[in-house]
Amino acid sequence: MPKKLSLEDRKKQARRVVKQLASDYPIAECALNYETPYQLLIATILSAQCTDIRVNIVTKELFAKYPTAEEIAALPIAKIEKLVQSTGFFRNKAKNIKAASQELVDAYDGQVPADLDALVALPGVGRKTANVVLGTAFGIPTGVVVDTHVGRLSRRMGLTAQVDAVKVESELIQLLPQKEWIQFSHRMIHHGRAICDARKPKCDQCHFMKFCPQVGVAV
């Protein structure tokens with residue numbers, strides 16, 4: 001497959017990818033554990049530069065003790081830091097979690113607004129986090145969540161040559177029907193973990209082999 005594909009060719013490739021993902025991973029859910037939109041918001045903030053496994057370990061204790069925005073907003077910052085320390089960058093995360101929780105309490109009665117602009121205005125919440133919450137908790141497709149797996153696989157499969165996550169998302173939005181935006185990310189993440197490993201992809205086990213250009217894969 002040539003390195004530079006036309007938009008139409010990339011749309012055709014995207015249709016192949018979407019079809020195969022749906023076949024291989026018909027039920028693909030968010031890897032973060034949560035019970036409410038607020039808990040998903042906090043878990044997503046904690047997931048920056050941290051594995052979902054570690055986040056789930058931390059939030060199991062955190063949400064068991066303090067499940068709501070009101071309860072976390074009331075905690076001393078040092079207490080939050082101790083609870084989330086193992087996720088890395090814990091001081092900044094704790095600061096954002098407390099500030100975002102307080103703002104939710106003050107402006108939204110402790111509830112997470114189902115609105116992109118309102119979410120990205122919260123401390124520590126960028127477009128990616130907002131997309132995760134809106135798509136996963138509310139079923140609202142506001143964009144394509146581009147984490148390391150989605151970005152890496154999109155390049156490997158010839159959907160984009162972009163490296164910056166915002167630019168990758170912009171191109172994927174052009175290629176994918178809006179109804180596929182939410183599940184596409186979940187399924188790509190599952191595929192990245194199960195088969196399309198960054199260093200040692202299991203190409204011999206992959207159902208994408210018939211159309212995947214394997215960009216960056218040593219063959």
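For the range 20-64 and the range 136-207, compute the distance between their C-alpha centroids and round to whole Å.
17 Å
Specify, per residue and in Å³, the volume enclosed by the convex hull of the alpha carbon atoms belonging to the chain.
Details: hull volume 25.6 nm³, N = 219.
Once divided by residue count, the hull of the chain is 117 Å³.
By a straight-distance test (C-alpha under 30 Å), which lysines pair with Lys93 as possible cross-link partners, with residues fewer than eight away in the same chain excluded?
The qualifying lysines are Lys60, Lys65, Lys79, Lys82, Lys128, Lys167.
Excluding residues fewer than 8 places away in the same chain, name every one of the lysines whose C-alpha is closer than 17 Å to that of Lys179.
By straight Cα distance, Lys179 reaches Lys11, Lys12, Lys19.
What translational D, rounded to a whole number of µm²/s, comes out for the range 74-177 from Stokes-Einstein when the hydrodynamic radius is the Kirkwood one over Cα pairs, at 4 °C and 1.567 mPa s? Let's see the in-between values first.
On the way: Rh = 15.3 Å.
For the chosen part, D equals 85 µm²/s.
Testing the spin-label approximation: label points 7 Å from Cα along Cα→Cβ at Ala198 and Lys79. State their distance in nm.
3.6 nm
Given the convex hull over the Cα atoms of the range 37-111, what projected area results after averaging over all orientations, in nm²?
Values: hull surface 16.4 nm².
Hull-based average projected area comes out at 4.1 nm².
Would you mind calculating the relative contact order of the chain from Cα pairs under 8 angstrom and at least 6 residues apart, reporting the percent as a whole number?
On the way: 261 pairs, mean separation 50.6, N = 219.
Over the chain, the number comes to 23 percent.
Under 19 Å between alpha carbons, and skipping anything fewer than 8 positions from Lys202 in its own chain: which lysines qualify?
Partners found: Lys210.
Only the coordinates and a few stated rules stand behind these numbers; no lab work does. Model, not experiment: these values are computed from the prediction. Cβ: placed from backbone, ideal geometry, glycine included. Neighbour counts: every protein chain shown.
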